[in-house]
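In what follows, a single structure is set out as C-alpha coordinates and then discussed.
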Amino acid sequence: MKKNSAGTWRKVLIICLWIMVWQLASAAVDNPIIIVGPWEAVKALGSLIPSLEFWQSIISSFGKISAGFLMAFAAGLALGSAGYCFPVLRELLEPVMTLLKSIPVASFVILALIWAGSKNLSILIAGLVVLPMIYVNTLAGLNSADKKLLEMAGVFSMTLWKKVRYIYVPALIPYLMSSCKIALGMSWKSGVAAEVIGVPDHSIGEKLYMSKIYLNTADLFAWTFVIIVISALFERMVLKLLSCLVPKGGAHEPGDM
Amino acid sequence: MSLEICNLRKSFGDLKVLKGISLILEEGKIYCLMSPSGSGKTTLFRILLGLEQADEGEIKGIQGKRFGAVFQEDRLCEAYSPLDNVMMTADRCVTRKEAQRELCRLLPKESVTRPVYTLSGGMKRRTAICRALLASWDILIMDEPFTGLDDGTRQEVIHYIHEKTAGKLVLLSTHQMEDVEALGAKLITLQESSQ
(Lines give C-alpha, C1' and ligand atoms only; values in the text may rest on other atoms or scores of the structure.)
Protein backbone atom coordinates (compact mmCIF):
# COMPACT_ATOMS: atom_id res chain seq x y z
CA MET A 1 0.00 0.00 0.00
CA LYS A 2 2.81 2.38 1.04
CA LYS A 3 4.74 1.38 -2.06
CA ASN A 4 1.70 2.16 -4.23
CA SER A 5 1.16 5.65 -2.83
CA ALA A 6 4.90 6.38 -3.15
CA GLY A 7 4.65 5.33 -6.80
CA THR A 8 1.64 7.61 -7.36
CA TRP A 9 3.44 10.57 -5.79
CA ARG A 10 6.45 9.86 -7.94
CA LYS A 11 4.26 9.92 -11.09
CA VAL A 12 2.56 13.17 -9.99
CA LEU A 13 5.96 14.76 -9.36
CA ILE A 14 7.23 13.67 -12.79
CA ILE A 15 4.11 15.15 -14.48
CA CYS A 16 4.53 18.40 -12.49
CA LEU A 17 8.15 18.56 -13.57
CA TRP A 18 7.21 18.30 -17.26
CA ILE A 19 4.43 20.90 -16.86
CA MET A 20 7.07 23.21 -15.38
CA VAL A 21 9.37 22.53 -18.35
CA TRP A 22 6.41 23.34 -20.66
CA GLN A 23 5.73 26.61 -18.76
CA LEU A 24 9.42 27.58 -18.90
CA ALA A 25 9.57 26.80 -22.64
CA SER A 26 6.49 28.94 -23.37
CA ALA A 27 7.89 31.77 -21.24
CA ALA A 28 11.24 31.55 -23.04
CA VAL A 29 9.64 31.57 -26.52
CA ASP A 30 7.09 34.20 -25.45
CA ASN A 31 5.00 33.78 -28.60
CA PRO A 32 1.44 32.33 -28.13
CA ILE A 33 1.28 31.35 -31.81
CA ILE A 34 4.30 29.05 -31.56
CA ILE A 35 3.68 27.66 -28.06
CA VAL A 36 1.21 28.48 -25.29
CA GLY A 37 1.79 27.70 -21.63
CA PRO A 38 -0.23 25.18 -19.58
CA TRP A 39 -2.35 27.91 -17.98
CA GLU A 40 -3.43 29.34 -21.38
CA ALA A 41 -4.28 25.81 -22.56
CA VAL A 42 -6.41 25.22 -19.45
CA LYS A 43 -8.13 28.59 -19.96
CA ALA A 44 -8.88 27.67 -23.60
CA LEU A 45 -10.29 24.31 -22.49
CA GLY A 46 -12.40 26.07 -19.85
CA SER A 47 -13.91 28.33 -22.46
CA LEU A 48 -14.65 25.39 -24.79
CA ILE A 49 -16.35 23.10 -22.22
CA PRO A 50 -19.62 25.09 -21.78
CA SER A 51 -20.30 25.26 -25.53
CA LEU A 52 -22.69 22.79 -27.20
CA GLU A 53 -20.38 22.57 -30.22
CA PHE A 54 -17.58 21.17 -28.01
CA TRP A 55 -19.73 18.23 -26.85
CA GLN A 56 -21.21 17.70 -30.33
CA SER A 57 -17.71 17.43 -31.78
CA ILE A 58 -16.59 15.01 -29.09
CA ILE A 59 -19.68 12.79 -29.47
CA SER A 60 -19.43 12.80 -33.26
CA SER A 61 -15.69 12.00 -33.41
CA PHE A 62 -15.84 9.50 -30.55
CA GLY A 63 -18.80 7.73 -32.13
CA LYS A 64 -17.17 7.47 -35.55
CA ILE A 65 -13.66 6.52 -34.44
CA SER A 66 -14.87 3.98 -31.88
CA ALA A 67 -17.29 2.52 -34.45
CA GLY A 68 -14.39 2.19 -36.90
CA PHE A 69 -12.28 0.53 -34.22
CA LEU A 70 -15.01 -1.88 -33.10
CA MET A 71 -15.96 -2.89 -36.66
CA ALA A 72 -12.30 -3.48 -37.56
CA PHE A 73 -11.80 -5.37 -34.29
CA ALA A 74 -14.71 -7.69 -35.09
CA ALA A 75 -13.59 -8.12 -38.72
CA GLY A 76 -9.93 -8.73 -37.71
CA LEU A 77 -11.01 -11.31 -35.14
CA ALA A 78 -13.32 -13.08 -37.59
CA LEU A 79 -10.81 -13.05 -40.48
CA GLY A 80 -7.94 -14.07 -38.18
CA SER A 81 -9.96 -16.99 -36.80
CA ALA A 82 -11.01 -18.02 -40.31
CA GLY A 83 -7.39 -17.70 -41.48
CA TYR A 84 -6.29 -19.96 -38.60
CA CYS A 85 -8.83 -22.61 -39.63
CA PHE A 86 -8.32 -22.34 -43.39
CA PRO A 87 -4.66 -21.89 -44.50
CA VAL A 88 -5.81 -21.07 -48.06
CA LEU A 89 -7.71 -18.04 -46.77
CA ARG A 90 -4.68 -17.02 -44.70
CA GLU A 91 -2.46 -17.09 -47.80
CA LEU A 92 -5.10 -15.20 -49.75
CA LEU A 93 -5.34 -12.46 -47.10
CA GLU A 94 -1.61 -12.11 -46.46
CA PRO A 95 -0.83 -9.65 -49.32
CA VAL A 96 -3.96 -7.60 -48.49
CA MET A 97 -2.94 -7.24 -44.85
CA THR A 98 0.67 -6.45 -45.78
CA LEU A 99 -0.61 -3.78 -48.14
CA LEU A 100 -2.92 -2.29 -45.50
CA LYS A 101 -0.03 -2.18 -43.01
CA SER A 102 2.37 -0.44 -45.39
CA ILE A 103 0.16 2.15 -47.15
CA PRO A 104 0.60 5.58 -45.51
CA VAL A 105 -2.49 6.92 -43.69
CA ALA A 106 -2.42 10.09 -45.81
CA SER A 107 -2.79 8.05 -49.04
CA PHE A 108 -5.72 6.17 -47.50
CA VAL A 109 -7.37 9.42 -46.45
CA ILE A 110 -7.17 10.98 -49.91
CA LEU A 111 -8.43 7.81 -51.59
CA ALA A 112 -11.24 7.45 -49.07
CA LEU A 113 -12.18 11.11 -49.57
CA ILE A 114 -12.61 10.42 -53.27
CA TRP A 115 -14.53 7.18 -52.71
CA ALA A 116 -16.65 7.90 -49.65
CA GLY A 117 -16.59 11.66 -49.00
CA SER A 118 -15.67 13.29 -45.71
CA LYS A 119 -18.72 12.43 -43.56
CA ASN A 120 -17.73 8.92 -42.54
CA LEU A 121 -14.06 9.21 -43.39
CA SER A 122 -12.80 8.67 -39.83
CA ILE A 123 -14.77 5.40 -39.49
CA LEU A 124 -13.09 4.01 -42.60
CA ILE A 125 -9.59 5.24 -41.78
CA ALA A 126 -9.64 4.13 -38.12
CA GLY A 127 -10.94 0.75 -39.31
CA LEU A 128 -8.32 0.29 -42.02
CA VAL A 129 -5.53 1.08 -39.57
CA VAL A 130 -6.86 -1.29 -36.88
CA LEU A 131 -7.85 -4.24 -39.10
CA PRO A 132 -4.38 -5.63 -39.97
CA MET A 133 -3.14 -5.27 -36.38
CA ILE A 134 -6.03 -7.26 -34.95
CA TYR A 135 -5.88 -9.80 -37.79
CA VAL A 136 -2.14 -10.48 -37.33
CA ASN A 137 -2.43 -10.74 -33.55
CA THR A 138 -5.49 -12.99 -33.73
CA LEU A 139 -3.52 -15.39 -35.91
CA ALA A 140 -0.49 -15.20 -33.60
CA GLY A 141 -2.66 -15.72 -30.50
CA LEU A 142 -4.47 -18.74 -31.92
CA ASN A 143 -1.17 -20.23 -33.10
CA SER A 144 0.20 -19.83 -29.57
CA ALA A 145 -2.55 -22.06 -28.10
CA ASP A 146 -0.88 -24.83 -26.12
CA LYS A 147 -0.50 -27.82 -28.47
CA LYS A 148 -0.42 -30.25 -25.55
CA LEU A 149 -3.74 -28.94 -24.27
CA LEU A 150 -5.18 -29.27 -27.77
CA GLU A 151 -4.01 -32.90 -27.86
CA MET A 152 -5.67 -33.46 -24.50
CA ALA A 153 -8.87 -31.88 -25.82
CA GLY A 154 -8.77 -34.17 -28.85
CA VAL A 155 -8.30 -37.31 -26.74
CA PHE A 156 -11.22 -36.38 -24.47
CA SER A 157 -13.35 -35.31 -27.48
CA MET A 158 -13.94 -31.85 -26.02
CA THR A 159 -16.54 -29.83 -27.92
CA LEU A 160 -15.42 -26.94 -30.13
CA TRP A 161 -17.09 -24.48 -27.74
CA LYS A 162 -15.11 -25.83 -24.78
CA LYS A 163 -11.85 -25.79 -26.76
CA VAL A 164 -12.50 -22.16 -27.68
CA ARG A 165 -13.46 -21.13 -24.16
CA TYR A 166 -10.77 -22.95 -22.18
CA ILE A 167 -7.82 -23.18 -24.59
CA TYR A 168 -8.07 -20.70 -27.45
CA VAL A 169 -9.52 -17.66 -25.64
CA PRO A 170 -6.90 -17.67 -22.83
CA ALA A 171 -4.18 -17.95 -25.50
CA LEU A 172 -5.72 -15.21 -27.64
CA ILE A 173 -6.54 -12.56 -25.03
CA PRO A 174 -2.94 -11.49 -24.21
CA TYR A 175 -2.24 -10.95 -27.91
CA LEU A 176 -5.48 -9.03 -28.38
CA MET A 177 -4.75 -6.90 -25.32
CA SER A 178 -1.28 -5.92 -26.44
CA SER A 179 -2.46 -5.24 -30.01
CA CYS A 180 -5.44 -3.23 -28.72
CA LYS A 181 -3.12 -1.01 -26.68
CA ILE A 182 -1.41 0.03 -29.92
CA ALA A 183 -4.48 -0.14 -32.19
CA LEU A 184 -6.62 2.08 -29.94
CA GLY A 185 -4.04 4.86 -29.95
CA MET A 186 -3.50 4.46 -33.68
CA SER A 187 -7.23 4.56 -34.41
CA TRP A 188 -7.49 7.94 -32.66
CA LYS A 189 -4.38 9.36 -34.30
CA SER A 190 -5.43 8.27 -37.79
CA GLY A 191 -9.13 9.04 -37.25
CA VAL A 192 -8.44 12.60 -36.15
CA ALA A 193 -5.83 13.05 -38.91
CA ALA A 194 -8.50 11.97 -41.41
CA GLU A 195 -10.92 14.53 -39.95
CA VAL A 196 -8.29 17.27 -40.23
CA ILE A 197 -7.88 16.45 -43.93
CA GLY A 198 -11.57 15.82 -44.68
CA VAL A 199 -12.90 18.51 -42.32
CA PRO A 200 -16.32 16.94 -41.67
CA ASP A 201 -18.82 19.14 -39.77
CA HIS A 202 -18.97 18.90 -35.97
CA SER A 203 -15.77 16.91 -35.53
CA ILE A 204 -12.62 17.27 -33.43
CA GLY A 205 -10.61 17.27 -36.67
CA GLU A 206 -12.58 20.28 -37.92
CA LYS A 207 -11.79 22.15 -34.68
CA LEU A 208 -8.09 21.32 -34.99
CA TYR A 209 -8.17 22.56 -38.59
CA MET A 210 -9.85 25.80 -37.52
CA SER A 211 -7.22 26.29 -34.81
CA LYS A 212 -4.59 26.02 -37.53
CA ILE A 213 -6.40 28.46 -39.85
CA TYR A 214 -6.82 31.10 -37.07
CA LEU A 215 -3.39 30.33 -35.55
CA ASN A 216 -5.17 29.59 -32.26
CA THR A 217 -2.51 27.46 -30.57
CA ALA A 218 -4.29 27.52 -27.19
CA ASP A 219 -7.35 25.81 -28.72
CA LEU A 220 -5.09 23.36 -30.53
CA PHE A 221 -3.51 22.37 -27.21
CA ALA A 222 -6.93 22.15 -25.51
CA TRP A 223 -8.34 19.86 -28.22
CA THR A 224 -5.20 17.73 -28.17
CA PHE A 225 -5.67 17.28 -24.41
CA VAL A 226 -9.30 16.24 -25.04
CA ILE A 227 -8.19 13.64 -27.63
CA ILE A 228 -5.62 12.19 -25.21
CA VAL A 229 -8.21 11.88 -22.42
CA ILE A 230 -10.90 10.28 -24.62
CA SER A 231 -8.39 7.90 -26.20
CA ALA A 232 -7.07 6.83 -22.76
CA LEU A 233 -10.60 6.29 -21.39
CA PHE A 234 -11.62 4.27 -24.43
CA GLU A 235 -8.44 2.17 -24.15
CA ARG A 236 -9.12 1.42 -20.49
CA MET A 237 -12.71 0.44 -21.23
CA VAL A 238 -11.79 -1.95 -24.06
CA LEU A 239 -8.90 -3.54 -22.13
CA LYS A 240 -11.12 -4.00 -19.06
CA LEU A 241 -13.75 -5.75 -21.20
CA LEU A 242 -11.13 -8.02 -22.76
CA SER A 243 -9.59 -8.94 -19.42
CA CYS A 244 -13.05 -10.02 -18.19
CA LEU A 245 -13.02 -12.82 -20.78
CA VAL A 246 -10.35 -14.86 -18.99
CA PRO A 247 -10.15 -15.91 -15.34
CA LYS A 248 -7.62 -14.15 -13.14
CA GLY A 249 -4.13 -15.42 -13.87
CA GLY A 250 -5.20 -16.78 -17.25
CA ALA A 251 -3.73 -13.97 -19.29
CA HIS A 252 0.01 -13.90 -19.87
CA GLU A 253 1.93 -11.56 -22.08
CA PRO A 254 2.74 -12.96 -25.53
CA GLY A 255 5.78 -15.22 -25.36
CA ASP A 256 5.09 -16.46 -21.81
CA MET A 257 3.56 -19.71 -22.99
CA MET B 1 -13.64 -57.33 -26.18
CA SER B 2 -9.87 -57.20 -26.15
CA LEU B 3 -7.34 -54.92 -27.76
CA GLU B 4 -4.71 -56.59 -29.89
CA ILE B 5 -1.48 -54.83 -30.77
CA CYS B 6 0.36 -56.62 -33.56
CA ASN B 7 4.00 -56.02 -34.47
CA LEU B 8 3.92 -52.26 -33.84
CA ARG B 9 7.00 -50.39 -35.05
CA LYS B 10 7.92 -46.73 -34.76
CA SER B 11 11.13 -44.85 -35.47
CA PHE B 12 12.07 -41.19 -35.16
CA GLY B 13 14.74 -40.76 -37.83
CA ASP B 14 17.40 -43.39 -37.15
CA LEU B 15 16.15 -44.00 -33.62
CA LYS B 16 14.04 -47.16 -33.45
CA VAL B 17 11.68 -46.63 -30.51
CA LEU B 18 9.19 -49.46 -30.91
CA LYS B 19 10.72 -52.62 -32.38
CA GLY B 20 7.72 -54.76 -33.16
CA ILE B 21 5.50 -54.68 -30.08
CA SER B 22 2.79 -57.33 -29.84
CA LEU B 23 0.32 -57.42 -26.95
CA ILE B 24 -3.17 -58.67 -26.19
CA LEU B 25 -5.00 -56.54 -23.62
CA GLU B 26 -8.25 -57.93 -22.24
CA GLU B 27 -11.23 -55.89 -21.16
CA GLY B 28 -11.75 -55.50 -17.43
CA LYS B 29 -8.07 -55.84 -16.57
CA ILE B 30 -5.41 -53.43 -15.44
CA TYR B 31 -2.03 -53.70 -17.16
CA CYS B 32 1.13 -52.12 -15.83
CA LEU B 33 3.83 -51.40 -18.34
CA MET B 34 7.29 -51.41 -16.70
CA SER B 35 10.31 -50.59 -18.80
CA PRO B 36 13.31 -48.31 -18.45
CA SER B 37 12.92 -44.66 -19.44
CA GLY B 38 13.25 -44.10 -23.17
CA SER B 39 12.08 -47.59 -24.07
CA GLY B 40 8.98 -46.33 -25.91
CA LYS B 41 6.16 -46.48 -23.33
CA THR B 42 4.95 -42.95 -24.08
CA THR B 43 5.27 -43.52 -27.84
CA LEU B 44 3.12 -46.64 -27.54
CA PHE B 45 0.53 -44.69 -25.55
CA ARG B 46 0.54 -41.85 -28.09
CA ILE B 47 -0.05 -44.30 -30.92
CA LEU B 48 -2.95 -45.88 -29.01
CA LEU B 49 -4.44 -42.42 -28.38
CA GLY B 50 -4.16 -41.55 -32.06
CA LEU B 51 -1.57 -38.81 -31.49
CA GLU B 52 1.17 -40.58 -33.48
CA GLN B 53 1.10 -42.87 -36.50
CA ALA B 54 2.90 -46.21 -36.28
CA ASP B 55 5.36 -46.98 -39.07
CA GLU B 56 4.22 -50.59 -39.21
CA GLY B 57 1.84 -52.88 -37.40
CA GLU B 58 -1.80 -53.01 -36.52
CA ILE B 59 -4.06 -52.40 -33.55
CA LYS B 60 -7.21 -54.52 -33.57
CA GLY B 61 -10.32 -53.73 -31.57
CA ILE B 62 -9.65 -49.99 -31.31
CA GLN B 63 -12.42 -48.80 -33.66
CA GLY B 64 -15.16 -46.84 -31.94
CA LYS B 65 -13.43 -46.99 -28.56
CA ARG B 66 -13.33 -43.86 -26.45
CA PHE B 67 -10.07 -43.15 -24.65
CA GLY B 68 -9.35 -41.47 -21.36
CA ALA B 69 -5.82 -40.40 -20.54
CA VAL B 70 -3.48 -39.22 -17.84
CA PHE B 71 -0.58 -37.78 -19.79
CA GLN B 72 3.03 -37.74 -18.66
CA GLU B 73 2.54 -34.01 -18.01
CA ASP B 74 -0.63 -32.88 -16.22
CA ARG B 75 -1.99 -30.90 -19.20
CA LEU B 76 -4.39 -28.86 -17.10
CA CYS B 77 -5.77 -25.41 -17.93
CA GLU B 78 -3.78 -23.58 -15.27
CA ALA B 79 -6.01 -20.52 -14.93
CA TYR B 80 -9.06 -22.64 -14.13
CA SER B 81 -9.86 -24.60 -10.99
CA PRO B 82 -9.56 -28.39 -10.68
CA LEU B 83 -13.36 -28.46 -10.74
CA ASP B 84 -13.47 -26.53 -14.04
CA ASN B 85 -10.78 -28.81 -15.48
CA VAL B 86 -12.74 -31.91 -14.54
CA MET B 87 -16.00 -30.49 -15.92
CA MET B 88 -14.31 -29.63 -19.25
CA THR B 89 -13.97 -33.32 -20.10
CA ALA B 90 -16.44 -35.00 -17.74
CA ASP B 91 -19.11 -37.38 -18.94
CA ARG B 92 -22.39 -35.57 -19.66
CA CYS B 93 -24.13 -37.30 -16.76
CA VAL B 94 -21.58 -35.98 -14.23
CA THR B 95 -22.95 -32.88 -12.49
CA ARG B 96 -20.77 -30.13 -11.04
CA LYS B 97 -21.76 -31.20 -7.55
CA GLU B 98 -20.77 -34.80 -8.20
CA ALA B 99 -17.45 -33.71 -9.73
CA GLN B 100 -16.77 -31.57 -6.66
CA ARG B 101 -17.54 -34.51 -4.36
CA GLU B 102 -15.20 -36.79 -6.33
CA LEU B 103 -12.40 -34.21 -6.34
CA CYS B 104 -12.76 -33.79 -2.57
CA ARG B 105 -11.85 -37.46 -2.21
CA LEU B 106 -8.43 -36.78 -3.70
CA LEU B 107 -7.79 -33.12 -2.88
CA PRO B 108 -8.22 -30.83 0.14
CA LYS B 109 -11.69 -29.24 -0.11
CA GLU B 110 -10.39 -25.66 -0.32
CA SER B 111 -8.16 -26.46 -3.30
CA VAL B 112 -10.97 -27.74 -5.52
CA THR B 113 -12.06 -24.25 -6.60
CA ARG B 114 -8.65 -22.54 -6.56
CA PRO B 115 -6.86 -21.90 -9.88
CA VAL B 116 -4.66 -24.85 -10.80
CA TYR B 117 -1.53 -22.67 -10.97
CA THR B 118 -1.75 -22.22 -7.19
CA LEU B 119 -1.67 -25.99 -6.51
CA SER B 120 1.31 -28.23 -5.73
CA GLY B 121 2.63 -30.74 -8.25
CA GLY B 122 0.97 -33.62 -6.41
CA MET B 123 -2.40 -31.85 -6.34
CA LYS B 124 -2.18 -31.17 -10.06
CA ARG B 125 -1.41 -34.85 -10.67
CA ARG B 126 -4.46 -35.94 -8.65
CA THR B 127 -6.60 -33.45 -10.59
CA ALA B 128 -5.38 -34.96 -13.87
CA ILE B 129 -6.20 -38.45 -12.58
CA CYS B 130 -9.67 -37.40 -11.43
CA ARG B 131 -10.32 -35.68 -14.77
CA ALA B 132 -9.49 -38.87 -16.65
CA LEU B 133 -11.57 -41.08 -14.38
CA LEU B 134 -14.69 -38.89 -14.62
CA ALA B 135 -14.59 -38.63 -18.41
CA SER B 136 -16.42 -41.15 -20.56
CA TRP B 137 -13.99 -43.79 -21.84
CA ASP B 138 -13.71 -47.45 -22.74
CA ILE B 139 -9.94 -47.68 -22.45
CA LEU B 140 -7.88 -45.66 -19.98
CA ILE B 141 -4.22 -44.88 -20.63
CA MET B 142 -2.15 -43.53 -17.73
CA ASP B 143 1.44 -42.48 -18.31
CA GLU B 144 3.26 -42.61 -14.98
CA PRO B 145 0.21 -41.40 -13.03
CA PHE B 146 1.85 -41.59 -9.60
CA THR B 147 4.72 -39.18 -10.31
CA GLY B 148 5.03 -36.63 -7.52
CA LEU B 149 2.73 -38.47 -5.09
CA ASP B 150 3.90 -39.47 -1.60
CA ASP B 151 3.30 -43.03 -0.37
CA GLY B 152 0.09 -42.25 1.56
CA THR B 153 -1.50 -40.31 -1.31
CA ARG B 154 -0.36 -42.95 -3.78
CA GLN B 155 -2.29 -45.62 -1.85
CA GLU B 156 -5.42 -43.42 -1.77
CA VAL B 157 -5.14 -42.77 -5.51
CA ILE B 158 -4.60 -46.48 -6.27
CA HIS B 159 -7.71 -47.32 -4.24
CA TYR B 160 -9.66 -44.63 -6.14
CA ILE B 161 -8.45 -45.90 -9.53
CA HIS B 162 -9.47 -49.44 -8.55
CA GLU B 163 -12.95 -48.26 -7.64
CA LYS B 164 -13.53 -46.17 -10.76
CA THR B 165 -12.08 -48.52 -13.36
CA ALA B 166 -13.79 -51.75 -12.31
CA GLY B 167 -14.63 -53.86 -15.36
CA LYS B 168 -12.75 -51.67 -17.82
CA LEU B 169 -9.42 -51.89 -19.61
CA VAL B 170 -6.64 -49.79 -18.07
CA LEU B 171 -3.08 -49.56 -19.34
CA LEU B 172 -0.63 -47.64 -17.19
CA SER B 173 3.09 -47.20 -16.90
CA THR B 174 5.02 -47.12 -13.66
CA HIS B 175 8.53 -47.65 -12.35
CA GLN B 176 7.44 -49.15 -9.00
CA MET B 177 6.74 -52.84 -8.53
CA GLU B 178 4.59 -52.00 -5.46
CA ASP B 179 2.15 -50.14 -7.73
CA VAL B 180 1.67 -53.27 -9.83
CA GLU B 181 0.91 -55.31 -6.70
CA ALA B 182 -1.34 -52.69 -5.12
CA LEU B 183 -3.36 -52.39 -8.33
CA GLY B 184 -3.55 -56.15 -8.75
CA ALA B 185 -2.39 -55.48 -12.28
CA LYS B 186 -0.80 -57.69 -14.87
CA LEU B 187 2.81 -56.73 -15.49
CA ILE B 188 4.10 -56.28 -19.02
CA THR B 189 7.49 -55.14 -20.21
CA LEU B 190 8.19 -53.73 -23.65
CA GLN B 191 11.30 -55.91 -24.08
CA GLU B 192 9.26 -59.08 -23.61
CA SER B 193 6.56 -57.76 -25.95
CA SER B 194 9.03 -56.97 -28.74
CA GLN B 195 9.68 -59.52 -31.42
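The values are calculated or read from the model by the stated rules, or taken from the named source; none is laboratory data. As the structure is a computational prediction, the values presented were derived from the model and not from experiment. Don't worry about glycine lacking a Cβ; one is built from the backbone with ideal geometry, like all the others, and counts go over all protein chains shown. Ligands, DNA and RNA are stripped out before the accessible areas are found, and what is left, the full protein with its side chains, is counted by its heavy atoms. Shrake-Rupley method; radii C 1.70, N 1.55, O 1.52, S 1.80 Å.
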Point to revise | Chains A and B together, accessible area buried on both sides, 1.4 angstrom probe, square angstrom | key: 1600
Review point. If Lys and Arg each add +1 and Asp and Glu each add -1, what is the summed charge of the other residues whose beta carbon sits under 9 Å from the beta carbon of A:Ala218?
Key: -1
Check your understanding: Put +1 on the Cβ of each Lys and Arg and -1 on the Cβ of each Asp and Glu in segment B:3-193; which of B:Tyr160, B:Val94, B:Asn7 then has its Cα farthest toward the positive end of the dipole?
Key -> B:Val94
Check your understanding: So which helices of chain B fit the span-like rule, where a helix is a whole DSSP H run, its Cα atoms reach 18 Å or more along the axis, and its mean Kyte-Doolittle is at least -0.5?
Key -> B:121-134
Review point. What number, in percent, do you get for the relative contact order of chain B if the mean sequence gap of Cα pairs under 8 Å and at least 6 apart is divided by its residue count?
Key: 32
Review point. Just the accessible area for A:Phe225, please: 1.4 Å probe, Å², rounded to the nearest 10?
Key: 110
Study note, to complete from the structure: Among the DSSP H helices of chain A, those whose Cα atoms extend at least 18 Å along the helix axis and whose mean Kyte-Doolittle hydropathy is 0.5 or higher are A:2-29, A:52-85, A:87-102, A:121-143, A:169-198, A:217-243
**Study point:** Label-to-label distance, nm, for residues given as A:Leu150 and B:Arg101 (7 Å Cα→Cβ offset)
**Key:** 3.8
Exercise for review: Quote the accessible area belonging to A:Tyr166 in square angstrom, nearest 10, computed with a 1.4 Å probe and with ligands, DNA and RNA left uncounted.
Suggested key: 30
Practice item. Compute, for B:Lys65, the solvent-accessible surface of its heavy atoms (probe 1.4 Å) with the complete set of protein chains present, and express it in square angstrom to the nearest 10. Key: 60
Review point. From the Cα gyration tensor of segment B:3-193, with a ≥ b ≥ c the square roots of its eigenvalues, which class applies: rounded if a/c is under 1.5, or else prolate if a/b is larger than b/c, or else oblate?
Key: prolate
**Study point:** Selected from A:Ala194, A:Ala218, A:Ile182, residue furthest toward positive end of dipole (the protein assembly as shown; charges at beta carbon)
**Key:** A:Ala218
Review point. Which of these, B:Met123, B:Met88, B:Met34, has the largest mean-square fluctuation under a Gaussian network model of chain B (Cα springs below 10 Å)?
Key: B:Met88
Practice item. Order the following by accessible area, largest value first: B:Asp143, B:Asp74, B:Asp150. Probe radius 1.4 Å; ligands, DNA and RNA are ignored. Key: B:Asp150, B:Asp74, B:Asp143
Check your understanding: Roughly how big is the protein assembly as shown's charge dipole about its Cα centre, with Cβ charges of +1 (Lys, Arg) and -1 (Asp, Glu), in debye to the nearest 20?
Key -> 780
Review point. Picking from A:Phe221, A:Phe69, A:Phe86, which is most flexible by a Gaussian network model of chain A using Cα springs under 10 Å?
Key: A:Phe86
Exercise for review: Mind running the shape call on chain A? Use the C-alpha gyration tensor, a ≥ b ≥ c as the square roots of the eigenvalues: rounded below 1.5 for a/c, prolate if a/b tops b/c, oblate otherwise.
Suggested key: oblate
Review point. Which value in deg cm²/dmol, rounded to the nearest 500, describes the helix-derived mean residue ellipticity at 222 nm for chain B, given -39,500 (n - 2.57) per DSSP H run of n ≥ 4 and division by the residue count?
Key: -9500 deg cm²/dmol
Review point. Out of A:Gly154, A:Gly68, A:Asn137, whose Cα points farthest toward the positive end of the dipole of chain A (charges: +1 Lys, Arg; -1 Asp, Glu; placed on Cβ)?
Key: A:Gly154
Check your understanding: Taking R0 as 22 Å, what's the FRET efficiency between A:Lys43 and A:Val229 from their Cβ-Cβ distance, rounded to 0.05?
Key -> 0.80
Check your understanding: How big is D, in µm² s⁻¹, for the protein assembly as shown by Stokes-Einstein at 4 °C and 1.567 mPa s if Rh is the Kirkwood radius over C-alpha pairs?
Key -> 48
Exercise for review: Hey, can you find the accessible area per residue of segment A:34-243 for me, probe 1.4 Å, expressed in square angstrom?
Suggested key: 49
Point to revise | Spin-label pair A:Ile59/B:Asp55, simplified geometry with 7 Å Cα→Cβ offset, distance in nm | key: 7.3
**Study point:** Gyration tensor verdict on segment B:48-136 (Cα atoms; rounded if a/c is under 1.5, prolate if a/b is larger than b/c, oblate otherwise)
**Key:** prolate
**Study point:** Accessible surface, 1.4 Å probe, highest first, among residues A:Lys162, A:Lys148, A:Lys101, B:Lys10
**Key:** A:Lys101, A:Lys148, A:Lys162, B:Lys10
**Study point:** Top of B:Cys32, B:Cys93, B:Cys77 by mean-square fluctuation, Gaussian network on chain B, Cα under 10 Å
**Key:** B:Cys93
Exercise for review: For segment B:62-94, state which residues have at least 30 Å² less accessible area in the presence of all protein chains than in their chain by itself, taking the probe as 1.4 Å and leaving out ligands, DNA and RNA.
Suggested key: B:Phe67, B:Phe71, B:Arg75, B:Cys77, B:Ala79, B:Tyr80, B:Met88, B:Thr89
**Study point:** Per residue, in Å², the accessible surface of chain B once ligands and nucleic acids are set aside, probe 1.4 Å
**Key:** 45
